[in-house]
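Data block below; observations after.
The values are calculated or read from the model by the stated rules, or taken from the named source; none is laboratory data. Just so we're clear, the structure is a prediction, and the values are computed from it rather than from any experiment. Please note: Cβ atoms are built from the backbone with ideal geometry, for glycine as well, and neighbour counts cover all protein chains shown. Keep in mind that these areas ignore ligands, DNA and RNA; they rest on the heavy atoms of the full protein, side chains included. Shrake-Rupley method; radii C 1.70, N 1.55, O 1.52, S 1.80 Å.
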Amino acid sequence: YNTDYDGVVSSLRPYEEQIACKGALILGAGGAARAVLHGLVREYALPRFVVAARTAQSAEMFRTEHERKLGGVEIEIGTLDAPHWSVSDIGLIVNCTPLSGYNHPHELPPVQFGDCRTAVYFDLNYNRPNQAVAIAREAGLLALDGALMLVTQAVASFRLWTGLKVDARAILRLSLI
């Protein structure tokens, strides 16, 4: 069971209207990207995706696995080092890579934020300050980091392991997230 799914879904709930019926760009093809894709298809019914991975092989494996599992979902692939996608019809950009995170705070994901003013940018990295989130906001995007996802997936995991419910809002208030 992957509680990242819970974190993604609850983090994006306030932006449901902005992302509805549009495409999404997912940067990365690991476990978090899988949770993002499944959450966006199952909870928000997004029909099309661009998935950019480190290698064409991992992007193709991701597409093959998920087009079969999710039937009817269109997945275009690319690589992070050679961005080629159009962001004009993208309603959501999700960074599932370590770029802009704690270990790579000055390395930005390969997105031209100025070209996608109607998009929501969701960076799963929860470090603050997050340079990519700041740049996305400066470009006029709704942008959030992964702090809410971290707390909500932790609460979901705690509930699964212990059967106890914890109020995520109380944790967020205490941590000033």
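From the square roots a ≥ b ≥ c of the eigenvalues of the alpha-carbon gyration tensor of segment 47-87, which class results: rounded (a/c under 1.5), prolate (a/b over b/c), or oblate? Display every interim value, and only then the final one.
On the way: a/c = 4.01, a/b = 1.42, b/c = 2.82.
Note, shape of segment 47-87 comes out oblate.
Going by average Cβ density within 10 Å per residue, which order do the peptides 151-158, 29-36, 70-77 take, highest to lowest?
Numbers: 151-158: 19.8, 29-36: 21.5, 70-77: 14.1.
The most tightly packed comes first, giving 29-36, 151-158, 70-77.
For segment 1-90, what relative contact order do you get, as a whole percent, if you take Cα pairs closer than 8 Å and at least 6 residues apart? Could the numbers behind the result be given before it?
On the way: 123 pairs, mean separation 26.2, N = 90.
Worked out over segment 1-90, it gives 29 percent.
Regarding segment 28-122, what's the average projected area of the Cα-atom convex hull, expressed in nm²? Don't skip to the answer; put the middle values down first.
Numbers: hull surface 24.2 nm².
Computed as one quarter of the Cα hull surface, the answer is 6.1 nm².
How high is the relative contact order of the chain, in percent, counting Cα pairs under 8 Å that sit 6 or more residues apart? Mind dumping the intermediate values first?
Numbers: 319 pairs, mean separation 38.3, N = 177.
Relative contact order for the chain comes out at 22 percent.
Antiparallel as a % of all DSSP beta bridges within the chain, to the nearest 5? It would help to have the intermediate numbers written out before the result.
Numbers: 0 of 22 bridges.
The antiparallel fraction comes to roughly 0 percent.
Please report, ordered by residue number, every helix of the chain (full DSSP H runs) that is 18 Å or longer along its axis going by C-alpha atoms and whose mean Kyte-Doolittle hydropathy reaches 1.0. Write out the running numbers ahead of the final one.
On the way: long enough: 31-44 (19 Å, 0.26); 56-70 (20 Å, -1.30); 147-162 (22 Å, 1.17).
Passing helices, by number: 147-162.
Calculate, for ALA20 and ARG54, the FRET efficiency according to 1/(1 + (r/R0)^6) with r their C-beta to C-beta distance and R0 41 Å; round to the nearest 0.05. It would help to have the intermediate numbers written out before the result.
Numbers: r = 30 Å, r/R0 = 0.73.
The formula returns an efficiency of 0.85 here.
How many nm separate the modelled label positions at ARG128 and ASP115, each set 7 Å beyond the Cα in the direction of the Cβ?
Calculated label separation equals 3.1 nm.
Under the rule of -39500 (n - 2.57) per DSSP H run of 4 or more residues, summed and divided by the residues of the chain, what mean residue ellipticity at 222 nm is obtained, to the nearest 500 deg cm²/dmol?
Working: 7 runs with 74 residues, N = 177.
Value at 222 nm, helices only, nearest 500: -12500 deg cm²/dmol.
Positive end of the charge dipole of segment 11-82 (Lys, Arg +1 and Asp, Glu -1 on Cβ, about the Cα centre): tell me which of GLY78, CYS21, LEU37 has its Cα farthest that way.
Going by the Cα projections, it comes out as LEU37.
What is the sum of charges, Lys and Arg at +1 and Asp and Glu at -1, for the other residues whose Cβ falls under 14 Å from the Cβ of MET61? Display every interim value, and only then the final one.
Working: positive: ARG34, ARG54, ARG63, ARG68, LYS69; negative: GLU60, GLU65, GLU67.
Neighbour charge sum, excluding MET61 itself: +2.
Considering only protein heavy atoms and a 1.4 Å probe, what is the carbon-and-sulfur percentage of the accessible area of the chain? Show your work: numbers first, answer last.
Numbers: 4980 of 9130 Å².
Carbon-and-sulfur percentage of accessible area, whole number: 55.
On average, how much accessible surface per residue is there in the chain, in Å², for a 1.4 Å probe, leaving out ligands, DNA and RNA? Display every interim value, and only then the final one.
On the way: 9130 Å² over 177 residues.
Heavy-atom accessible area per residue stands at 52 Å².
How large is the convex hull of the C-alpha atoms of the chain per residue, in Å³? Mind dumping the intermediate values first?
Numbers: hull volume 20.7 nm³, N = 177.
Once divided by residue count, the hull of the chain is 117 Å³.
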